[in-house]
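What follows is calculated from the coordinates using simple rules that are stated; it is not laboratory data. Because the structure is a prediction, the values reported are computed rather than measured. Note that each Cβ is placed from the backbone with ideal geometry, even for glycine, and that neighbours are counted across all protein chains shown.
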Amino acid sequence: MIRHCVFVRFRSDVADTERTAIHADLEGLRQVVEGMDTVHFSANVSPEPFARGFSHGFTIDFRDAAARDAYLVHEAHQRAGGRLVAALEGGTDGLMVFDLDITKK
């Protein structure tokens with residue numbers, strides 16, 4: 001299983017309603033991307049001082065790397081990702097992506 005972790009710095013002028021809509025767009029991808037499973041969204045709640053300005057994040061679990069790879073190139077993901085990047089401080093500079101292989105070994 002691949003856990004796709006995304007951390008973001010939203011621009012200060014992005015309304016809560018737009019963040020909610022972006023989350024809904026990403027959640028909706030589960031209906032069109034085979035092997036895409038659980039999606040979780042949250043503001044950063046860590047008490048540690050290491051967030052480097054990343055205020056929100058989400059994770060998506062994929063059955064395997066092939067499912068993740070299909071998601072990355074899917075037209076619906078490209079649209080949702082474009083909307084997300086447009087809402088971030090500095091565009092892609094306000095984005096960090098990290099994938100973890102959490103396959104039981």
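Data overview
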quantity	calculated
Sparse-neighbour loop sites [chymotrypsin sites (Phe, Trp or Tyr not before Pro); region 1-101; at most 13 other C-beta within 10 Å; DSSP]	Phe50
Relative contact order, percent, the chain [alpha-carbon distance under 8 Å, six or more residues apart]	48
log₁₀ of I(q)/I(0) at q = 0.16, 0.26 Å⁻¹ - region 4-46, Debye sum with one point per alpha carbon	-0.50, -1.07
Positive-end residue of Ala80, Val39, Ala24, charge dipole of the chain with Cβ unit charges	Val39
All-pairs alpha carbon distance profile, the chain, 10 Å steps from 0, percent	15, 48, 31, 6, 0
Sparsely packed trypsin sites (Lys or Arg not before Pro) within region 1-61, loop by DSSP, other Cβ within 10 Å at most 12	Arg52
Neighbourhood net charge (12 Å Cβ-Cβ; Lys/Arg +1, Asp/Glu -1) for Arg83	0
